[in-house]
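The block underneath contains the structure these notes are about, expressed in structure tokens.
Every number here is computed from the coordinates shown, using simple stated rules; none is lab data. Only a predicted model underlies this, so the values are computations on that prediction, with no experimental measurement involved. Note that we place each Cβ from the backbone using ideal geometry, even for glycine, and neighbour counts take in every protein chain shown.
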Amino acid sequence: MPLRTADLERVQALPLFAGVSDETFRAVTAGAFLQRFPAGTTLLMEGDMVDFLYVLLDGTVQLEGSWRDRETVLAVLRPVSTFILAAVVLDAEALMSAQTLERSDILMLSGEALRREMNTDARLAIAVAEELSGCYLGVVRSLKNQKLRGGVERLASYLMAQRARQGGGDTVILPYEKRVVASLLGMTPENLSRTWTMLADYGAHVNGREVTLARPAVIERLAKPDPLMDNLADDARGQTVTALRRTGSRTRGD
């Protein structure tokens, strides 16, 4: 698909590129191309060498990991998001697979061009360092959440984050199917089902993807929000926050 000026403007507005010169941005995007992928398309597999930085302009992309016969969802991305940044910077293998969940428009930027411009434009190099630092903080938050909280507490925290994102009402709509929610919370679907039953004692009642919070203050006390574990500012602003929680933009590195 031909690149539209509006698409390039959306990419240039990302924190990764917002501070760089027009000359640098033109150099990074010179060989870029835009593709529309149908739902269920595998964009890359973990272990693949990464030639491009991916920019999700429209649609939804799921990042996954696997080991033997096990699979897990690491993050679900919505526009405008970039992903696989760390592998691009290091010219290394991807540690995650990426698959479209719905029809998606994805801009692909040359990894070689990005690395070359990082060596000549200090502002781009600093922006990349900031993005990857944010990713690192997000991974630490996620690890703390999964290692320090029990399943019921993790689900309560997730519901409180979704409640903040959806306006603070007493009804929360799960943004993904329960299988995906389970993976994001480090659970199996069976464990999540048992956790829903336990959380009902605290006033959370699930019907499909709709969750009614009869006593949200009780759920919040159970979750015990912590600014060193939960990205409270982003939750309140309604940002996309997934298993790999960020403190700023929506770049995902692996």
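Observations, loosely collected:
- The chain: relative contact order in percent, alpha carbon pairs under 8 Å with at least 6 residues between: 23 percent
- Candidate values (1) 36; (2) 51; (3) 27 were compared with percent of Cα pairs over 28 Å apart computed on the shown model; the agreeing label is (1).
- Placing a pseudo-label 7 Å from each Cα along the Cα-to-Cβ vector at Leu228 and Thr188 gives an inter-label distance of 3.4 nm.
- Here Lys147 is the anchor, and the aspartates and glutamates within straight C-alpha reach of less than 18 Å, apart from those fewer than 8 places off in the same chain, are Asp226, Asp230.
- Within the chain, DSSP assigns beta bridges of which about 95% are antiparallel (rounded to the nearest 5).
- Sum of -39500 (n - 2.57) over DSSP H runs of 4+, divided by residues of the chain (222 nm, nearest 500): -12000 deg cm²/dmol
- Summing Lys and Arg as +1 and Asp and Glu as -1 over all other residues whose Cβ lies under 13 Å from the Cβ of Asp22 gives a net charge of -2.
- Residue-wise HN-Hα couplings along region 58-67, as the Karplus relation 6.51 cos²θ - 1.76 cosθ + 1.60 with θ = phi - 60° gives them from phi, are 8, x, 9, 10, 10, 9, 10, x, 8, 8 Hz; Gly and Pro carry x.
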